[in-house]
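Worksheet: one structure, shown below.
Please treat every number below as a calculation from the coordinates, not as lab data. Remember, predicted model here, so these are calculated numbers, not experimental data. Note that each Cβ is placed from the backbone with ideal geometry, even for glycine, and that neighbours are counted across all protein chains shown.
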Amino acid sequence: MPRILMPLAAGLLLGGIASFSSADPATSPAARLGEAIQFKTISYQDRSQIDFREFRRFHAFLRASFPLVFSQLEVEKVNGYSLLIRWPGSDPSLAPILFTAHMDVVPIEPGTEDDWEHPPFAGVVADGRIYGRGSLDDKQGLLGNLEAAESLLAEGFVPARTLVFAFGHDEEISGKDGAGKLAERMAEKGWHFAWMVDEGGMVVVDNPLLPDKPVAIINVAEKGYLTLTLVATGEGGHSSRPPRISTIGRLSAALERIENNPFPTRMVGPVAAMLETMGPHLAQPNRFFFSNLWLTGGVVADRMSEDPTTNSMVRTTTALTMFNAGIKENVVPQRAEAKVNFRLLPGDTPETVVAYITELVDDPAIEISYDQWDKIPGVSDYTGGGFAVISEAISAVYPEAVIVPSLLVATTDTRHYIDLTDNQYRFQGMLVSLSQASSVHGTNEYIDIQSYENAVEVARQMMILGAR
Ligand SMILES: [Zn+2]
């Protein structure tokens, strides 16, 4: 695995095991991240299970760990547990920049606790790594921003442009109480940002197309999220005198049509831009294919659709996720219900998905409904502005990285902030392998100390260069 060593951080990495308990003062960024992991700021789908004392204790830890941020900047608690921090710039005529992250983490799947190399909430720092839930998602993002700001304050740095930090507390369960309320608060204040940067992008070391070079992925768009509920109603009754078509049969047939007719593949702007940027670094024939998408886009999209990982970048995906019907083996149910989850490519809208599915189902006995949908962020500018600033920050830390715009196939808190800025970027400066990325929300989540130090330096550069 290629390593990018920064001279200023290298000295910290050679010590091997840095064991410490929460009573010790954390003296390095890695030790502080390890300590942050020990707070069980866990989001549960059932909000009554959330232990908000852990969030209060976590706030106290942040205040103690970043004294300059909490004494010199304007800090406001929003909706009890989220944090809004403003660093006023010297030139109020410049539009501010927004940095976001979240403090909550997902629970450990019951029964998998013992599969962890180190307990998920111990915050163990060993073997050049920081282990635990949140080490990648997203305590490194939150702490990384605070490390960057704290060190810049210590150096006497004064931004020309105002910098704002918004740290939500429920990203993993919709973000409505955290980012949603932070966005409302900022809208009340009339704040409008030149651009924002959230979690959701990183530097990848083992991209299968470019295994020899780190690839920095700045996600400039994300897929939309929509769940449709399909309900079949009809004749029920005793199974000894069954109806010709049961509600289960009717709904199953509709679902089969939906699954067998995926949305067509399509090459959207950010994905095309990613491939075109990588093109010159590739061997033939990919170099030709990626450099001439005007000609080859359809073929490339079809090839990408054959792999589940890349398939989601070239089509609006369809996932049948729930099916419920029946209460007893000898009763034909009068009602069958299913849920289908869609992730929308830029350009598709909930309306176009509903229209497509309604036409496929083509059955008046099946009712199609949906909850209120979230706003879908647009495609941000990847030719200049914030994208150029983030690129410059990456190059300062990873000079050999190939920097590409791309499309995030998951969702983040970003969608709550879209009325505050036209340009949302998703990028953090950590260096990870693709295999490591699967530990997010899974088992054995960790971050390399070097990778975290790099991420802090990228955050510092984004602040220094962005605040000009
Ligand atoms: Zn996250």
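Some notes on this structure:
- Along the stretch 43-50 the Karplus relation, 6.51 cos²θ - 1.76 cosθ + 1.60 evaluated at θ = phi - 60°, assigns HN-Hα couplings of 8, 10, 3, 7, 4, 5, 7, 6 Hz to successive residues, with x for each Gly and Pro.
- GluC sites (Glu not before Pro) within the stretch 96-192: DSSP coil, no more than 15 neighbouring Cβ in 10 Å: Glu117, Glu155
- Working from Cα pairs under 8 Å separated by at least six residues, relative contact order for the stretch 243-377 is 27 percent.
- Phe323 long-range amide H proximity, modeled H, under 5 Å: Lys339
- Selection among Thr318, Leu345, Leu251 by position relative to the dipole of the stretch 221-370 gives Leu251 as farthest towards the positive end (Cβ unit charges, Cα centre).
- Between Asn260 and Asn292, the modelled labels are 3.8 nm apart [label points 7 Å from Cα along Cα→Cβ].
- Loop-located GluC sites (Glu not before Pro) in the stretch 315-418, at most 13 other Cβ atoms within 10 Å (DSSP): Glu329, Glu400
- Share of pairwise Cα-Cα distances greater than 13 Å in the stretch 345-413 is 76 percent (whole percent).
- Paramagnetic reach from Arg185 (point 7 Å along Cα→Cβ, amide N under 15 Å) across the stretch 48-91: 56, 59-60, 63, 70, 73-87
- A cut-off of 5 Å between modelled amide H atoms, ignoring neighbours fewer than 5 places along the same chain, links Val78 with Leu83, Leu84.
- Which of Ala355, Pro67, Val332, positive extreme of dipole for the chain (C-beta unit charges): Ala355
- The stretch 134-245, relative contact order [Cα under 8 Å, separation at least 6], %: 11
- Order of Met430, Met103 under a 10 Å beta carbon neighbour criterion, fewest first: Met430, Met103
- Close amide H partners of Gln428, meaning residues 5 or more places away or on another chain with modelled amide H under 5 Å apart, are Gly200, Gly201, Met202.
- Helix axis angle, 139-154 relative to the chain longest principal axis, alpha carbon, degrees: 30
- When only the Cβ of Lys, Arg, Asp and Glu is charged (+1, +1, -1, -1), the dipole of the chain relative to its Cα centre reaches about 420 debye.
- The stretch 367-465: trypsin sites (Lys or Arg not before Pro) falling in loop per DSSP and having at most 16 other Cβ within 10 Å: Lys375
- Across the stretch 212-246, the residues whose backbone nitrogen lies under 20 Å from the label position 7 Å along the beta-carbon direction of Ala365 are 229-246.
- Listed residue (Gly429, Ala410, Val379) projecting farthest to the positive dipole end of the chain, Cβ model: Val379
- Whole-Hz ³J(HN,Hα) from phi, Karplus 6.51 cos²θ - 1.76 cosθ + 1.60, for the stretch 379-389, glycine and proline x: 8, 7, 5, 10, 10, x, x, x, 4, 5, 5
- Which listed pairs, of Lys40/Lys339; Lys77/Lys339; Lys77/Lys223; Lys213/Lys375; Lys139/Lys339; Lys223/Lys339, have C-alpha distances above 25 Å, in listed order: Lys40/Lys339; Lys77/Lys339; Lys77/Lys223; Lys213/Lys375; Lys139/Lys339
- Phi-based couplings in Hz for the stretch 304-320 (Karplus 6.51, -1.76, 1.60; Gly and Pro marked x): 5, 6, 6, 10, x, 5, 8, 3, 5, 8, 10, 7, 6, 8, 10, 10, 7
- Pairwise Cα separations in the chain fall into 20 Å bins from 0 onward with the following percentages, short to long: 23, 52, 22, 3, 0.
- Average Cα contact separation per residue, the chain, under 8 Å, 6 or more apart, as relative contact order %: 24
- Using only the C-alpha atoms, the convex hull of the stretch 221-370 corresponds to 120 Å³ per residue.
- Between the stretch 148-184 and the stretch 259-316, the Cα center-to-center distance that results, in Å: 35
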